[in-house]
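Derivation of every value follows stated rules applied to the coordinates shown; laboratory data play no part. Since we're looking at a predicted model, the values are computed, not measured.
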Amino acid sequence: MPAAREPRTEPELVMYCTQWCPDCRRAREWLDRHGIGYREVDVSRDPDARERAANHNEGRLHTPTFEIGDGVCVDFQPDRLSELLGLEG
């Protein structure tokens with residue numbers, strides 16, 4: 001009998017964003033379309049998150065910024081997000 005395969009677990013994805021950011025809206029749509037769960041953190045309401053996101057970009061805040069496991073993606077870059085999430089092309 002073949003061994004059971006472990007279910008694939010996605011790394012936690014955190015999206016640092018704002019409600020008014022157009023790229024953040026596009027990123028939400030892309031993530032939802034691909035069925036990818038994420039935790040959204042609004043940097044306009046959370047100063048600690050704002051600092052953390054800025055630290056990923058040499059001290060300059062840019063939204064959206066993503067943390068995926070140990071990886072980071074600054075700006076909405078579908079190819080980079082796919083790479084970090086291990087999505088097949």
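For helix 22-33, report the angle its Cα long axis makes with the longest principal axis of the Cα atoms of the chain; keep it between 0 and 90° and round to the nearest 10°.
20
Can you give me the Kirkwood hydrodynamic radius for the range 13-85, using every pair of distinct Cα atoms, in Å to one decimal?
Evaluated on the range 13-85, it is 12.0 Å.
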